[in-house]
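Participant: Structure in structure tokens, see below.
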Amino acid sequence: MKLTDFDYDLPEELIAQTPVEPRNASRLMVLDPVTESIEHRHFYDLKEYLEPGDTLIFNDTRVMPARLLGWREGTGGKVEVFLLRRIDGDTWETLVKPGRKAREGQVVRFSDELTCKILETTDFGGRIVKFSYDGIFEEILDRLGETPLPPYIHEKLMDKERYQTVYSKEQGSAAAPTAGLHFTREQMNELRDMGVNLGFVTLHVGLGTFRPVSTENVEDHVMHKEYYSISQDTADLIKATKAAGKRVIAVGTTSIRTLESAAAGVGEIAGRTDWTSIFIYPGYVFKIVDGIITNFHLPKSTLIMLISAFAGREFVLKAYEQAVKERYRFFSFGDAMMIKRKG
């Protein structure tokens, strides 16, 4: 498979710059891969496609204020340090811009109370840094750090919580699990009241999710590892759902990657905490996921490859072509898609 097999034309004006209000007022495209039918609805209509006993799995990660702006000691040159994941203690994997001047031994100062020293360069072009500070690191990060928005969003976000899901809990992500941004608390309660199960997993979104594919052959791409956790209670809920002949529907690609990483076999899953570098592209056999709620993803990204593995590449690209024609809003603050069970 070639990278160009997952390309499509997207007018720039369809890239959503601001979220809609309320959250579930966004549009919802509903795909049936068996009949290759496409419906156009709104996200608040989601309940019409769910049944009592179905289970929705959400990623409850919370976005860190991961973007730190500082300057190089000695030269005063401006530096951006983007936190990806904590390795241990005060040592973090980061992205640093400008990278060409981020040499080993360089000290970056963010304030009188916070600095970091660049220790080494990673295989993926990032930097391992160690922070030094006076006080409590998390409190300093809350004060100095900025919530990172994707580079294709140019509008200032007035309410930082709009880039968090209403159920976010476990802080540690460098980006939001954006499919979940469509849910309101009221809608989740309504689904629960109608007998839909709500389960939660954690995957801290890092470089693996949004790193561009740079290899022409898709199979040559290497994913960056990300931390995930699934409780035994959630695993038991999934197994009970499967045993009852109901569907496990993943909310977002990060939930999909968590469930498929934790799968012990078709329909088999256990609680575990681990790191995953799973790369799902066409040809992959899904072991847990029966349905997907997701956003519209970037051309040639690992995310559109994952969706193509579930629903078929040609059908997905056909749906994207129709989404462009119907003026759907794309990417993080854009509209949503639900993909029903495969045949």
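The values are calculated or read from the model by the stated rules, or taken from the named source; none is laboratory data. All of these numbers come straight from a predicted model, not from anything done at the bench. A quick note on method: Cβ atoms are made from the backbone with ideal geometry, for glycine too, and the neighbour counts reach across all protein chains shown. In case anyone asks, the SASA skips ligands and DNA or RNA and just uses the protein heavy atoms, side chains included. Shrake-Rupley method; radii C 1.70, N 1.55, O 1.52, S 1.80 Å.
Participant: Roughly to the nearest percent, how much of the accessible area of segment 67-197 is carbon and sulfur, given a 1.4 Å probe?
Facilitator: Numbers: 3150 of 6920 Å².
C and S atoms contribute 46 percent here.
Participant: Putting +1 on Lys and Arg Cβ atoms and -1 on Asp and Glu Cβ atoms, find which of 150, 254, 267 reaches farthest to the positive end of the dipole of segment 124-267.
Facilitator: Final value for the positive-end residue is 267.
Participant: Right, another one. How large is ³J(HN,Hα) for each residue in segment 105-119, as worked out from phi by the Karplus curve 6.51 cos²θ - 1.76 cosθ + 1.60 (θ = phi - 60°), to whole Hz, x for Gly and Pro?
Facilitator: x, 5, 9, 10, 10, 10, 6, 5, 9, 9, 9, 9, 10, 7, 9
Participant: Under a 1.4 Å probe, what is the accessible area of the chain per residue, stated in Å²? Please list the in-between numbers first.
Facilitator: Numbers: 15030 Å² over 343 residues.
Ligands and nucleic acids excluded, the figure is 44 Å² per residue.
Participant: With a sphere of radius 12 Å drawn around the Cβ of residue 91, what net charge do the other residues whose Cβ falls strictly inside it have (Lys, Arg +1; Asp, Glu -1)?
Facilitator: Numbers: positive: 85, 86, 117, 127, 130; negative: 88, 90, 93, 120.
Counting the neighbours of residue 91, the net charge comes to +1.
Participant: A further question follows. Once you have a ≥ b ≥ c as the square roots of the Cα gyration tensor eigenvalues for segment 128-222, tell me rounded if a/c is under 1.5, and otherwise prolate or oblate according to whether a/b is larger than b/c. Walk me through the intermediate numbers first.
Facilitator: Details: a/c = 1.83, a/b = 1.18, b/c = 1.55.
Cα axes put segment 128-222 in the oblate bin.
Participant: Shifting gears a bit: Once amide H atoms are built 1.01 Å from N in the peptide plane, which residues 5 or more positions from residue 79, or in another chain, come under 5 Å H to H?
Facilitator: So residue 79 has HN proximity to 70, 71, 72.
Participant: Still on this model: Please get the size of the charge dipole for the chain, origin at its Cα centre, with Cβ charges of +1 on Lys and Arg and -1 on Asp and Glu, quoted in debye to the nearest 20. All intermediate terms of the calculation are to be shown ahead of the outcome.
Facilitator: Details: 44 positive and 50 negative charges, 69 e Å.
For this selection, approximately 320 debye.
Participant: Could you tell me which residue out of 303, 322, 187 lies farthest along the dipole of the chain toward its positive end? Charges go on the beta carbon: Lys and Arg +1, Asp and Glu -1, centred on the Cα centre.
Facilitator: 303
Participant: Quick one: which residues, 5 or more positions from residue 15 or on another chain, have an amide H under 5 Å from its amide H? H modelled 1.01 Å from N in the peptide plane, none for Pro or chain starts.
Facilitator: It is 330, by chain and number.
Participant: Here's something else I'd like to know. Which entries in the list 156/300; 47/246; 97/117; 78/117 go over 20 Å, if you measure between the two C-alpha atoms of each? Show your work: numbers first, answer last.
Facilitator: Values: 156/300 27 Å; 47/246 15 Å; 97/117 14 Å; 78/117 15 Å.
The answer is 156/300.
Participant: Just the projected area, averaged over all directions, of the convex hull on the alpha carbon atoms of segment 204-343: how many nm²? Walk me through the numbers on the way to the answer.
Facilitator: Values: hull surface 34.4 nm².
Dividing the Cα hull surface by four gives the mean projection, 8.6 nm².
Participant: If you roll a 1.4 Å probe over segment 1-40 with all protein chains in place, what percent of the accessible area is carbon or sulfur?
Facilitator: Working: 960 of 2030 Å².
Roughly 48 percent, rounded to a whole number.
Participant: Using label points projected 7 Å from each Cα along Cα→Cβ, tell me how many nm separate residue 239 and residue 143, to one decimal.
Facilitator: The answer from the label model is 4.8 nm.
Participant: Provide the net charge surrounding residue 3, with neighbours chosen by a C-beta distance below 9 Å and charges set as Lys +1, Arg +1, Asp -1, Glu -1. Mind dumping the intermediate values first?
Facilitator: On the way: positive: 2, 300; negative: 5, 7, 216.
Taking every other residue near residue 3 into account, the sum is -1.
Participant: What number, in nm² with one decimal, is the all-direction average of the projected area of the convex hull of the alpha-carbon atoms of segment 177-242? All intermediate terms of the calculation are to be shown ahead of the outcome.
Facilitator: Details: hull surface 26.3 nm².
Mean projected area for segment 177-242: 6.6 nm², to one decimal.
Participant: Relative contact order for segment 114-162: what percent, with Cα pairs under 8 Å and sequence separation of 6 or more?
Facilitator: 26 percent
Participant: Quick check on packing: order 322-329, 54-61 by the mean number of other C-beta atoms within 10 Å, highest mean leading.
Facilitator: Numbers: 322-329: 15.9, 54-61: 24.9.
Ranking the peptides 322-329, 54-61 by packing returns 54-61, 322-329.
Participant: How large is the dipole of segment 202-272 about the Cα centre if only Lys and Arg carry +1 and Asp and Glu carry -1, each at its Cβ, rounded to the nearest 20 debye? Numbers along the way, then the final one.
Facilitator: Details: 8 positive and 8 negative charges, 63 e Å.
Dipole about the Cα centre, nearest 20: 300 debye.
Participant: Using modelled amide H (1.01 Å from N, peptide plane; none on Pro or chain starts), what sits under 5 Å from the amide H of residue 53, excluding residues fewer than 5 places away?
Facilitator: Distant-sequence amide H within range of residue 53: 196, 197.
Participant: Could you tell me the calculated FRET efficiency between residue 157 and residue 186, based on Cβ-Cβ distance and R0 = 30 angstrom, to the nearest 0.05? Provide the component values of the computation, followed by the final result.
Facilitator: Working: r = 22 Å, r/R0 = 0.75.
After rounding, the FRET efficiency stands at 0.85.
Participant: Here is a follow-up. Quick one: length gained pulling residue 341 to residue 275 fully straight, 0.36 nm per residue minus the C-alpha distance? Walk me through the numbers before you get to the answer.
Facilitator: Details: separation 66, 0.36 × 66 = 23.76 nm, distance 2.74 nm.
Length difference between fully extended and current span is 21.0 nm.
Participant: Using a Förster radius of 25 Å, what is the FRET efficiency between residue 104 and residue 170 based on their Cβ-Cβ separation? Nearest 0.05, please. Intermediate results must be reported in sequence, preceding the final value.
Facilitator: Working: r = 32 Å, r/R0 = 1.27.
With a Förster radius of 25 Å, E is 0.20.
Participant: I would also like to ask the following. Give the relative contact order (percent, whole number) for segment 252-295; include only Cα pairs under 8 Å separated by 6+ residues.
Facilitator: 51 percent
Participant: A follow-up question, please. Just from the alpha-carbon atoms, what are the Rg and Dmax of the chain in angstroms?
Facilitator: 20.4, 65
Participant: Filter the chain for me: DSSP H helices, axial length by Cα at least 15 angstrom, mean Kyte-Doolittle hydropathy not below -1.0. List them by residue number. Please report the intermediate quantities before stating the final value.
Facilitator: Numbers: long enough: 232-243 (16 Å, -0.50); 313-325 (18 Å, -0.42).
Helices meeting the span and hydropathy rule in the chain are 232-243, 313-325.
Participant: Count charges around residue 54 for me, please; just the other residues with Cβ under 9 Å from its Cβ, Lys/Arg as +1, Asp/Glu as -1. Before the final figure, lay out each step's value.
Facilitator: Values: positive: 246, 247; negative: 51, 290.
Summing Lys and Arg as +1 and Asp and Glu as -1 gives 0.
Participant: Taking segment 32-70, which GluC sites (Glu not before Pro) meet the DSSP loop condition and have no more than 14 other C-beta atoms within 10 Å?
Facilitator: Details: sites: 36, 39, 48; in loops: 36.
Hits after loop and neighbour filter: 36.
Participant: Moving on. Can you compute the helix-only [θ] at 222 nm over the chain? Use -39500 (n - 2.57) per DSSP H run of at least 4 residues, normalise by all residues, nearest 500 deg cm²/dmol. Write out the running numbers ahead of the final one.
Facilitator: Numbers: 7 runs with 66 residues, N = 343.
It lands at -5500 deg cm²/dmol.
Participant: Could you give the length gained by full extension between residue 128 and residue 75, i.e. 0.36 nm per residue of separation minus their alpha carbon distance, to one decimal place?
Facilitator: Details: separation 53, 0.36 × 53 = 19.08 nm, distance 2.08 nm.
In short, 17.0 nm is gained.
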